[in-house]
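One structure is given here, and the rest of the page talks about it.
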Amino acid sequence: MSIVDITIPQVGESISEGVLVEWVIADGDIARIDEPLLILETDKITMTVAAEATGRLKTIAVPDEVVQIAQVVGTIDTSAAAADSPAATTAVESPETPAEAAPSLDGLSPAVRRLVAEHNLDPSQIPGTGKDGRILKGDVLAFMEQGIEPGEALVVPAPAASQPARAQSEGERQTRTPMSRLRRRLGERLVEVQQTTAMLTTFNEADMSRVIALRAEYKEKFKEQHGVGLGFMSFFLKATVEALKTVPEVNTWIDGEDVVQNHYYDIGVAVSSEKGLVVPVVRDADTLSFAGVESEIKRLAQNAQDRTLELSDLSGGVFTISNGGIFGSMNSTPILNPPQSAILGMHAIKKRPIAVGDEVVIRPMMYLAVSYDHRIIDGKEAVTFLKRIVDCVENPERLMLEV
């Protein structure tokens with residue numbers, strides 16, 4: 001027998017522990033080398049850990065358990081790899097299989113299987129967001145929040161002693177779910193920003209007419225040639241790079257009593273994932289074409305959804321762009337992403353009457369907001385920076401000619 005230990009990998013110098021969210025492979029099943037094995041959540045990232053060998057899995061740690069870096073959480077018996085055959089698969093579904101493990105639960109992770117069984121849910125009704133449509137624990141919780149189908153049993157955990165239970169004829173009025181480590185850490189960082197920076201926000205608006213016309217004219221050829229769509233983000237990211245070059249004071253950060261000037265352009269793009277907001281970084285954005293920017297954003301966004309982002313994808317950015325417009329936001333004051341000193345907020349495009357010369361015309365307009373740390377960025381610099389972004393977006397040819 002050859003046993004391979006499954007250990008929690010090192011995911012960053014400042015990370016010492018995490019939470020084993022779920023086993024992708026069930027205890028006793030065959031794990032395959034380089035395929036997803038478990039999902040690990042730390043205070044900075046949620047990631048999928050792949051199997052380092054092929055064989056039968058024996059789990060030690062259980063879902064939702066806090067685990068330490070380098071801790072052994074399970075083993076893989078490589079001598080059992082030969083058992084991965086149609087006959088062996090059939091043998092698993094033997095008469096000895098517990099009656100409650102209905103065939104509809106096969107293939108689910110233990111955490112998901114437990115939730116589905118406890119709440120008497122039909123897995124075929126739950127949309128899966130994992131790889132190849134796999135149902136994740138978050139998918140089940142989201143499905144439950146939408147309401148239980150009539151006739152289905154609802155098992156509700158007992159409430160805390162400080163809050164007496166109330167009988168509800170049509171289901172429980174509240175659901176208590178532990179806050180994820182990622183969400184808790186994000187909250188801590190946001191509060192810290194508010195308390196340790198002199199954050200101020202300046203606003204402007206951009207006429208999106210020429211960008212929209214340019215996209216409409218070239219989007220089909222662009223996708224045909226580059227294999228990726230031409231979105232608004234690439235225009236704003238390239239405009240941000242030009243603005244940082246124009247106003248380098250924005251491309252700085254405070255380190256103790258020093259001000260550090262960056263001479264590179266790694267731009268973070270906020271992405272909404274199942275576990276919360278993450279900000280993967282587009283490296284050396286000044287060297288990328290529009291197609292290069294769109295391809296990199298697509299890759300990072302997909303990795304965020306698949307939980308395959310690495311810590312290196314999230315570190316080292318000099319500036320962040322957040323697009324609340326995709327959710328319909330008209331305006332906002334984005335919060336800084338430390339140690340960065342500024343962040344750009346994009347918003348929804350709305351047709352509004354504006355004055356052009358002596359005439360009132362209808363144009364597609366977008367409000368823009370730049371929040372900045374007033375300790376090292378003055379109002380003049382922030383306003384100039386944002387105005388440069390507006391000029392580039394309203395005249396997209398400038399981005400192509402870099403003028």
TODO: Would you confirm whether any residue within the stretch 330-343 is closer than 16 Å to Lys44 by Cα, free of Cβ contacts under 8 Å to residues at least 60 places away in the same chain and surrounded by fewer than 16 Cβ atoms within 10 Å (Cβ to Cβ)?
DONE: no
Open item on the list: Condition first: without any contact (Cβ under 8 Å) to a residue 60 or more places away in the chain and touching a helix residue (DSSP H, G or I) at 6+ places or on another chain (Cβ under 8 Å). Now tell me which residues in the stretch 296-318 satisfy that.
Closed with: Leu300, Asn303, Asp313
Task: Which numbered condition Arg363 fails, given (1) under 14 Å from Ala243 (Cα atoms); (2) in contact with a Ser or Thr (Cβ under 7 Å, 6 or more places away or on another chain); (3) not acidic (Asp, Glu) - done: (1)
- [ ] Within the stretch 116-135, track down each residue that is buried (at least 19 other Cβ atoms within 10 Å of the Cβ) and at pLDDT below 75.
- [x] Gly130
Task: Restricting the stretch 206-236 to residues that are in a helix (DSSP H, G or I) and of a type in the set (A, V, I, L, M), the residue that is nearest to the chain's Cα centre (by Cα) - done: Met233
Task: Unique residue being in a helix (DSSP H, G or I), among the acidic types (Asp, Glu) and either farther than 30 Å from Val356 by Cα or modelled with pLDDT under 75 (or both) when the list is Glu192, Glu170 - done: Glu192
Task: Residue check, Val293 closer than 25 Å to Val228 by Cβ, of a type in the set (A, V, I, L, M, F, W, C) and touching an Asp or Glu at 6+ places or on another chain (Cβ under 9 Å) - done: no
Task: Selected residue [aliphatic (A, V, I, L, M), farther than 20 Å from Met233 by Cβ and surrounded by fewer than 16 Cβ atoms within 10 Å (Cβ to Cβ)] from Ile377, Ile362, Ile326 - done: Ile362
TODO: For Ile389, indicate whether it is β-branched (Val, Ile, Thr), assigned to a strand (DSSP E or B) and more than 25 Å from Gln195 (Cβ to Cβ).
DONE: no
- [ ] Determine, yes or no, whether Gly345 is farther than 12 Å from Ser371 by Cα and of a type in the set (Gly, Ala, Ser).
- [x] no
Open item on the list: Looking at Thr320 and the list (1) over 24 Å from Leu214 (Cβ atoms); (2) among the β-branched types (Val, Ile, Thr); (3) more than 22 Å from the chain's Cα centre (by Cα), which single condition is not satisfied?
Closed with: (3)
Open item on the list: Looking at Val241, Val293, Val271 in this structure, which one is surrounded by fewer than 23 Cβ atoms within 10 Å (Cβ to Cβ), in the same structural domain as Thr384 (by TED's automatic domain parsing) and among the hydrophobic types (A, V, I, L, M, F, W, C)?
Closed with: Val271
Open item on the list: Quick check on the stretch 1-39: of everything there that is at pLDDT below 90 and in a strand (DSSP E or B), which residue is farthest from Ser180 (Cα to Cα)?
Closed with: Glu17
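The values are calculated or read from the model by the stated rules, or taken from the named source; none is laboratory data. In this text the structure is predicted, and so the values were computed from the model without any measurement. Because the Cβ atoms are built from the backbone with ideal geometry, glycine has one as well, and the counts that use them run over all protein chains shown.
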